[in-house]
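**Q** Got a structure here, written out as structure tokens. Questions coming.
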Amino acid sequence: MRGTAAVGTLVVALLLPASASAHGVAQRADLPIPEWLFVWGAVLVLVASFVALASLWPQSVLEQVRERRLFRVPLALEILAGSLGVAAFLITVWAGFAGNQTATANLAPTVIYVIFWVGVPFASVLLGDVFAAFNPWRAVGRATGWAARRVAGDGVPQPLAYPEWLGRWPAAAGLLAFAWVEIVFANRDDPSVLAVLTLAYAAVMLVGMSLYGVDEWTRRADGFSVWFGLVARLSPLHWRGHVLCLRPPLSGAPRMWSGAGSVAVVCVMIGTTSFDGITQGSLWTGASGIAEHLTDAFASLALGREAAVQAAYTVGLLAMVALVSGLYRLAVGGMHRVGGGASTSELARRFAHSLVPIAFAYLVAHYFSLLAFQGQAIAYLASDPLGECSDLLGTASATINYGLLSATGIWYVQVAALVLGHFCALVLAHDRALATWRDKRAATRSQYWMLLVMVAFTSLGLWLLSSAAR
Amino acid sequence: MTDLPLAHGGHWALSLLYIAPVVLIALGLWWSGRRERSQDGGASAEDEDHGEAT
């Protein structure tokens, strides 16, 4: 019965319509072969990789790697980075409240949706967990804690013990809420609304830190810190306190904390990004698409038109996250059949880190063009943050160069990201399987279903992208 | 005016090209697993459970 449900999940996933990146730049690529052939090519690469891993990677090597210490950075640099983070936060909120309320003219939407949401993961995969240093609410929390200890000494109360059962569920909920605002919320581009939400999020973070401690809360419950931290685990650079270390790429992922809510975090990231793409497809937004049917259904419940549209999109968003979770459960269920004594929940947690490169690959494939083009807008927005014709930095006349990348170039980047991301996921899962099952053959067999799900994710991702301009 | 599902036949047919590799891999893995199980058929029941989770 469970197997039937799992196969059903897979079929539903693959019967979803093609769509494009909602916030990317959708153009028609001039390709030498049909787009569907790229899927076949990508699948061939994954299968060949799987066979190569099974025969050439006989023992786990990523579980225990040595890091090489590069250099130590002074404490002053951390204080400077935290101050810059706080300053950027305050300027963004100020621009949101005080500036021109046209989204493209105001600094806040571009900083939040492009530089922060898309740019920081790119920086994290290259440079390690840089957000930890710039995180404004963490910086405020640490500064407050330091000041409180200076004033009250030992009289400062100890933080509460963070509940183990809560794990990363708050982080998953936070990321889902952000995705809801980005994709579903009708006023998502309203700078003043974004400023209010930014302040509200910071307030929740500060309250959580004051209760459970800055570091514990940041590691578990701050969705952005958790997500950027997971992506940073793919990086060859690791910030260990104030020391920068070098390690093999991907080797940070197996050491990911995989307690409660960890699977949910990555499933939320993959699911919400996928849904953002689906919302651009004709089956969702077409004349008789799913969105229209759902909206009509909600409107018949006496909801206003805007509320009905948001309800329809909310259902779609949650359904997509559930679908991605179902696909992962399918892979884990297949692993469980190999035996070994571990429960499906335990296996799900053990292999959760292998989803991180997929989540990042989806982000690259989906938002790369957004960062490449809209990211350039920061040049004139930084000089005119309020959108009121100021020129603080002398760059207010800068423009976006849309000739920077062709649609064909973007397509190749997207395909490469998806293939590389799924290849990395196969590597991580294979390495973990070798550490989980003593028998190499059993380890390989355990990954059959994982391969199938990776192939399904790749097909789904390329399917979403291929109809970007269809 | 109601859209007939058949009007999107080309779209759905193209979509099948995206799902086909997944179906092929699924069939291949099912066949491979079946063959491995039949090869293990002569072995004892304990051998069915290769290895154990550490």
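All of the numbers you see were taken from the coordinates with simple rules; none came from a lab. Note that the structure is a prediction, hence the values are computed from the model and not measured. Using ideal geometry, Cβ is built from the backbone for each residue, glycine included, and neighbour counts are taken over all protein chains shown.
**Q** From the Cα trace of the range A:337-470, what convex hull volume per residue do you get, rounded to a whole Å³?
**A** 149
**Q** Quick one: what does P(r) look like for the range A:300-389 with 5 Å bins over all Cα pairs, in whole %?
**A** 3, 10, 11, 12, 11, 11, 13, 11, 8, 5, 3, 1, 1, 0
**Q** Now for a different question. Under the Karplus relation 6.51 cos²θ - 1.76 cosθ + 1.60, θ = phi - 60°, what is the ordered set of whole-Hz ³J(HN,Hα) values for the range A:238-250, x standing for Gly and Pro?
**A** Calculated HN-Hα couplings, in order: 10, 8, 9, x, 9, 10, 8, 10, 10, 8, x, x, 6 Hz.
**Q** I've got another one for you. For residue A:416 and residue A:345 in one chain, what is 0.36 nm times their gap in residues minus the Cα-Cα distance, to one decimal in nm?
**A** The residue A:416-residue A:345 span can extend by a further 22.4 nm.
**Q** Ok, one more. Please order A:225, A:466 by the number of other Cβ within 10 Å, starting at the fewest.
**A** Listing A:225, A:466 from fewest to most nearby Cβ atoms yields A:225, A:466.
**Q** Would you mind calculating the gained length between residue A:177 and residue A:101 on full extension (0.36 nm times residue separation, minus the Cα-Cα distance), in nm to one decimal?
**A** Once the chain is fully extended between residue A:177 and residue A:101, it gains 25.1 nm.
**Q** Next question. Within 10 Å of each Cβ of A:328-341, how many other protein chain Cβ atoms are there on average? Present the calculation step by step, with values, prior to reporting the outcome.
**A** Values: counts 0, 0, 0, 0, 0, 0, 2, 1, 1, 1, 6, 6, 6, 5.
Mean inter-chain Cβ contacts per residue within 10 Å come to 2.
**Q** So, one more: Mean residue ellipticity at 222 nm from the helices of chain A, using -39,500 (n - 2.57) per DSSP H segment of n ≥ 4 over the full residue count, to the nearest 500 deg cm²/dmol?
**A** -20500 deg cm²/dmol, from helical runs alone.
**Q** Another question, then. Would you kindly derive the ³J(HN,Hα) couplings of the range A:256-263 from the backbone phi angles with the Karplus curve 6.51 cos²θ - 1.76 cosθ + 1.60 (θ = phi - 60°), listing them in order in whole Hz, with x for Gly and Pro?
**A** Rounded to whole hertz, the list is 5, 5, 10, x, 3, x, 5, 5.
**Q** Using R₀ = 60 Å, calculate the FRET efficiency as 1/(1 + (r/R₀)^6) where r is the Cβ-Cβ separation of residue A:59 and residue A:287; round to 0.05.
**A** 0.60
**Q** Rounded to two decimals, what is Rg over Rh for the protein assembly as shown when you use alpha-carbon atoms and the Kirkwood radius?
**A** In the protein assembly as shown, Rg relative to Rh is 0.98.
**Q** If you take each beta carbon of peptide B:25-31 and count the beta carbons of other chains within 10 angstrom, what is the mean?
**A** 5
**Q** How compact is the range A:103-177 by the rule of thumb for globular proteins, expressed as Cα Rg over 2.2 N^0.38 Å? Each step should come with its number before you reach the end.
**A** Numbers: Rg = 16.9 Å, N = 75, 2.2 N^0.38 = 11.3 Å.
Compared with the compact-globule rule of thumb, the range A:103-177 sits at 1.49.
**Q** Under a crude label model (7 Å from the Cα following the beta-carbon direction), how far is residue A:246 from residue A:404 in nanometres?
**A** Reported label-point gap for residue A:246 and residue A:404 is 2.9 nm.
**Q** Residue by residue through the range A:404-421, which ³J(HN,Hα) values in whole Hz follow from phi under the Karplus form 6.51 cos²θ - 1.76 cosθ + 1.60 (θ = phi - 60°), with glycine and proline marked x?
**A** These are the phi-based 3J(HN,Hα) values: 4, 9, 8, 4, 5, x, 4, 4, 5, 4, 4, 5, 4, 4, 5, 5, 5, x Hz.
**Q** Still on this structure, I have one more. Taking amide H atoms as placed 1.01 Å from N in the peptide plane, list the residues 5 or more away in sequence, or in a different chain, whose amide H sits under 5 Å from that of residue A:128.
**A** A:237
**Q** While we're here: So how far apart, in nm, are the two label points at residue A:84 and residue A:127 if each is 7 Å from Cα heading toward Cβ?
**A** 0.6
**Q** Just the Kirkwood number for the range A:41-99, please: inverse of mean 1/r across all distinct Cα pairs, in Å, one decimal. If you can, show how the numbers build up before the last one.
**A** Working: mean 1/r = 0.0588 Å⁻¹.
The answer is 17.0 Å.
**Q** Counting only Cα, what are the radius of gyration and maximum Cα-Cα distance Dmax of the range A:213-332, in Å?
**A** 19.3, 59
**Q** Below 8 Å, C-alpha to C-alpha, sequence gap of six or more: please give me the relative contact order for chain A in percent.
**A** 30
**Q** I've got another one for you. Tell me the volume per residue, in Å³, of the convex hull enclosing the alpha carbons of the range A:156-249.
**A** Looking at the range A:156-249, the number lands at 139 Å³ per residue.
**Q** What dipole magnitude, in Debye to the nearest 20, does the protein assembly as shown give about its Cα centre under +1 on Lys/Arg Cβ and -1 on Asp/Glu Cβ? Please list the in-between numbers first.
**A** Values: 32 positive and 32 negative charges, 254 e Å.
The dipole of the protein assembly as shown has a size of about 1220 debye.
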